[in-house]
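Please treat every number below as a calculation from the coordinates, not as lab data. Just so we're clear, the structure is a prediction, and the values are computed from it rather than from any experiment. No Cβ is skipped: glycine too gets one built from the backbone with ideal geometry, and neighbour counts run over all protein chains shown.
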């Protein structure tokens, strides 16, 4: 990727970075707040992961284990791209707290959360001024099975060394914001046998690396057994890569046409996690609701 394009992509796509006054209408509700009578799960910071599939990259990652986890029973699974933003209790998406509350209320199943940051290429030894180079756009915006193979072959087997996970795709969800949102959809689209549920926040279904083809593919491709929740806002990005509000509306229209089990929440926010974070409990209830 040319250096100028890489810099533009990082500037445009960095998650949780663009917050405007208009987003201030979106607030976290009670299900995103700690409750004294609710059992709290634990978050385990895992050792940095050096990938073979994304050769020479290193990344941070975390695993959330609910208090109700029973080692004798397979747990559901939910994977989060840009995991550092989703695992933080002080950001737009305090996922561990929301999981604690919804699992305790039996509004979602006992679920292991896996939170993964994009890979970086470490700086050369001895170069104190150089910063690690991010591999985020390549990993997240590429329309191939490489990222889901990384999950299948590297990350999930490591999680399963300690925890028992369900093998049923209906018990497995994947989530992300911006480029992480299209990445979540690509993972399930490529491997619906591994992930049956998708949650996309301000997803980049635009022409960064060809992602604008998805509405047409959804319309023409044989139906896949995935459930999809999309969130976006009318003030999202409009730039040389595309128009995010139009792209997400086009995705929603395609999912409706192809008779997918989907929901689209279209607000007034910008390219941020404010709206998606405010409706996260509602999104998870819908995503994990029982089959009709």
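Some observations on this one:
- Enclosed volume per residue, in Å³, of the convex hull spanned by Cα atoms of the stretch 234-275: 70 Å³
- Fraction of antiparallel bridges per DSSP, the chain only, in percent to nearest 5: 35 percent
- Most fluctuating residue given options 227, 149, 136, as computed from a GNM of the chain linking Cα atoms under 10 Å: 149
- Each Cα pair under 8 Å and six or more residues apart adds its separation to the average, and for the stretch 156-292 the resulting relative contact order is 22 percent.
- Take every DSSP beta bridge whose two residues both sit in the stretch 177-281; close to 15 percent of them are antiparallel.
- Calculated FRET efficiency, residue 290 to residue 55, Cβ-Cβ distance, R0 = 30 Å: about 0.15 to the nearest 0.05.
- With all pairs of separate Cα atoms included, the stretch 205-256 yields a Kirkwood hydrodynamic radius of 11.6 Å.
- For the chain, built as a Gaussian network whose Cα springs stay under 10 Å, the top-fluctuating residue of 42, 220, 161: 161
- Computed over the stretch 102-202, the convex hull of the alpha-carbon atoms projects to a mean area of 8.4 nm².
- Of all DSSP beta bridges confined to the stretch 26-185, the antiparallel ones make up roughly 55%.
- Computed [θ] at 222 nm, deg cm²/dmol, the chain (DSSP H ≥ 4; -39,500 (n - 2.57); rounded to nearest 500): -8000 deg cm²/dmol
- A viscosity of 0.890 mPa s and a temperature of 25 °C, combined with the Kirkwood radius over C-alpha pairs in the Stokes-Einstein formula, give the stretch 172-229 a diffusion coefficient of 219 µm²/s.
- At 1.567 mPa s and 4 °C, Stokes D of the stretch 67-158 from Kirkwood alpha-carbon radius, µm² per second: 83 µm²/s
- With 10 Å bins beginning at zero, the pair-distance distribution over Cα atoms of the stretch 152-278 amounts to 13, 44, 30, 12, 1 %.
- Most fluctuating residue given options 201, 223, 271, as computed from a GNM of the chain linking Cα atoms under 10 Å: 223
- Nitroxide proxy distance, nm - points 7 Å out along Cα→Cβ at residue 89 and residue 219: 4.7 nm
- Volume per residue that the Cα convex hull of the chain spans, once the total is divided by residue count, Å³: 135 Å³
- Relative contact order of the chain, taken over Cα pairs closer than 8 Å and 6 or more residues apart, is 19 percent.
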